[in-house]
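Questions regarding the structure given below will be posed in turn.
The values are calculated or read from the model by the stated rules, or taken from the named source; none is laboratory data. Predicted model only: the values in this text are computed from it and were never measured. Backbone-built Cβ (ideal geometry, glycine too); neighbour counts: all protein chains shown. Ligands, DNA and RNA are excluded from the accessible area calculation, which covers all protein heavy atoms including side chains. Shrake-Rupley method; radii C 1.70, N 1.55, O 1.52, S 1.80 Å.
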Amino acid sequence: MEMIVVTGATGNVGQPLVRALAETGESVIAVSRNGVGVPAGVRHHRADLTRPRTLEPALRGARALFLLPSPDFMANGDIEAVLEVVRAADVPRVVLLSSHGVGTGRHPSALEDAVQRSGLEWTMLRPGNFDSNALRWADMVRTQRTVAAPFGDVAVPAIDPADIAEVAAIVLREPGHQGDIYTLTGPEPISPRQQAAAIGAVLGEPVRFVEQSRAEARTQMLKYMPEPIVEATLGALGTPSAEERAVGPDAERLLGRRPRTFAEWAARTITAFK
């Protein structure tokens, strides 16, 4: 059976994607720098996209690759070198996890551009704000029942990573998505203050919201994101365009149901905040 290879397989999107594919009977290879969280019965391959040759053994006999660039890859990776390895292994299809910011012009399009000119069959997934970004508040909520964030009352849609994974599983398994670009959003705009309230509602205890300055948020974000991504993200969160505030139709159409709400995500992951 031809395989589907999933990079970033132990992250917020990759882990549910591997699980979703395995549950449908697909032969999956989970690729990551460690094997934590890989479901039983799924083959794991240790590789790092910043060292493209380490990916080679996982690609033999693969019919599709889910390409999830990490922040580290965004800062230091070589997409052309990765695609060269993919072509050499005769993998015909790539599904790239891109970002909504490419479509709005906030983020550079270099990764998408490289995939589009690669000669491979391709599909782009462009999710916006992730529900799981709220996990950065987990320690603060656990210890102080507080959320600190900038732009407290600016609302943009946030999407459940499990919904992104479900869309990716559909696109990887089904024909008919070649050359398509899907913008993935949650079902409604939600502000950081509203997210804090939703977490509190699930906890059954009030969660206080403290508004950060842009500079305070920037300092925090630079610890785990490249500076250009930080600036673009703060721009999208602080002064979103009409397009960035809008709820798109692609996720609901592909899923065949309404995407999950932030409150549903919070209920499923509430142990992180207790």
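Looking at the range 219-264, which of the residues that are among the acidic types (Asp, Glu) and touching a residue at least 24 places away in the same chain (Cβ under 8 Å) is farthest from ILE159 (Cα to Cα)? Full working, then the answer.
First, the residues of the range 219-264 that are among the acidic types (Asp, Glu): 227, 231, 243-244, 250, 252, 264.
Among the residues that remain, those that are also touching a residue at least 24 places away in the same chain (Cβ under 8 Å) are: 243-244, 250, 252, 264.
Values: GLU243: 15, GLU244: 13, ASP250: 12, GLU252: 11, GLU264: 11 Å.
Selected residue: GLU243.
Kindly provide the set of residues from the range 115-134 that are within 16 Å of ARG260 (Cβ to Cβ), surrounded by fewer than 22 Cβ atoms within 10 Å (Cβ to Cβ) and modelled with pLDDT of 95 or more, ordered by number.
PHE130, SER132
Additional query: Being in a strand (DSSP E or B) and more than 18 Å from the chain's Cα centre (by Cα), is that true of even one residue in the range 158-171?
First pass over the range 158-171, keeping only residues in a strand (DSSP E or B): 158-159.
If we keep only those that are more than 18 Å from the chain's Cα centre (by Cα) too, we end up with none.
Within the range 158-171, not a single residue is in a strand (DSSP E or B) and more than 18 Å from the chain's Cα centre (by Cα).
Considering (1) assigned to a helix (DSSP H, G or I); (2) in contact with a His (Cβ under 7 Å, 6 or more places away or on another chain), say which one ALA266 fails and leave the rest.
ALA266 satisfies all of (1) assigned to a helix (DSSP H, G or I); (2) in contact with a His (Cβ under 7 Å, 6 or more places away or on another chain) except (2).
Against the conditions (1) of a type in the set (Gly, Ala, Ser); (2) over 30 Å from MET3 (Cβ atoms); (3) more than 15 Å from the chain's Cα centre (by Cα), where does SER109 fall short? Just the number, please.
(2)
What is the number of the single condition among (1) touching a Lys or Arg at 6+ places or on another chain (Cβ under 7 Å); (2) at pLDDT 95 or above that THR143 does not meet?
(1)
Got a sec? Which of GLU252, GLU205, GLU211 is out of contact with any Cys (no Cβ under 6 Å at 6 or more places or on another chain) and more than 16 Å from TRP137 (Cβ to Cβ)?
Values: GLU205 fails: more than 16 Å from TRP137 (Cβ to Cβ); GLU211 fails: more than 16 Å from TRP137 (Cβ to Cβ).
That would be GLU252, the only listed residue that is out of contact with any Cys (no Cβ under 6 Å at 6 or more places or on another chain) and more than 16 Å from TRP137 (Cβ to Cβ).
A further question follows. Give all pairs with beta carbons closer than 6 Å in which a residue from the range 26-42 that is in contact (Cβ under 8 Å) with a residue 60 or more places away in the chain meets a residue that is open to solvent by less than 40 Å² (accessible area, probe 1.4 Å); count only pairs at least 6 apart in sequence or on separate chains.
Note: pairs meeting the criteria are GLU26/ILE4.
Let me ask something else about it. Hey, any hits in the range 98-106 for a residue that's surrounded by fewer than 15 Cβ atoms within 10 Å (Cβ to Cβ) and of a type outside the set (S, T, N, Q)?
Keep residues of the range 98-106 that are surrounded by fewer than 15 Cβ atoms within 10 Å (Cβ to Cβ), which gives 105.
If we keep only those that are of a type outside the set (S, T, N, Q) too, we end up with 105.
Checked the range 98-106: at least one residue is surrounded by fewer than 15 Cβ atoms within 10 Å (Cβ to Cβ) and of a type outside the set (S, T, N, Q).
Among the residues of the range 180-210, write down those that are of a type outside the set (Val, Ile, Thr), touching a strand residue (DSSP E or B) at 6+ places or on another chain (Cβ under 6 Å) and either open to solvent by 50 Å² or more (accessible area, probe 1.4 Å) or closer than 30 Å to LEU120 by Cβ (or both).
The answer is ASP180, TYR182, LEU184, GLY186, PRO189, ARG193, ARG208.
So, ASP90, is that one at positive phi and out of contact with any Phe, Trp or Tyr (no Cβ under 8 Å at 6 or more places or on another chain) or not?
Values: at positive phi: yes; out of contact with any Phe, Trp or Tyr (no Cβ under 8 Å at 6 or more places or on another chain): yes.
It is true that ASP90 is at positive phi and out of contact with any Phe, Trp or Tyr (no Cβ under 8 Å at 6 or more places or on another chain).
Right, something else. Restrict the check to the range 194-210 and report whether at least one residue is assigned to a helix (DSSP H, G or I) and of a type in the set (Asp, Glu). Please lay out each step first, then the result.
Start the filter on the range 194-210 by keeping residues that are assigned to a helix (DSSP H, G or I), which leaves 194-203.
Subset that is of a type in the set (Asp, Glu): none.
Among the residues of the range 194-210, not one is assigned to a helix (DSSP H, G or I) and of a type in the set (Asp, Glu), which makes the answer no.
Of (1) assigned to a strand (DSSP E or B); (2) more than 17 Å from ILE4 (Cβ to Cβ), THR123 satisfies all except one. Which?
Among (1) assigned to a strand (DSSP E or B); (2) more than 17 Å from ILE4 (Cβ to Cβ), the lone unmet condition for THR123 is (2).
Does VAL147 fit the bill of being farther than 23 Å from PRO249 by Cα, touching a residue at least 60 places away in the same chain (Cβ under 8 Å), open to solvent by less than 10 Å² (accessible area, probe 1.4 Å) and assigned to a strand (DSSP E or B)?
Yes, satisfied.
Could you count how many residues in the range 28-44 are out of contact with any Gly (no Cβ under 9 Å at 6 or more places or on another chain) and under 19 Å from LEU83 (Cβ atoms)?
1
Can you tell me which residue within the range 221-243, out of those that are of a type in the set (Val, Ile, Thr) and part of a helix (DSSP H, G or I), is least open to solvent (accessible area, probe 1.4 Å)?
Of all residues in the range 221-243, those of a type in the set (Val, Ile, Thr) come to 229-230, 233, 239.
Now narrow it down to the ones that are part of a helix (DSSP H, G or I): 229-230, 233.
Working: ILE229: 32, VAL230: 0, THR233: 33 Å².
The selected residue is VAL230.
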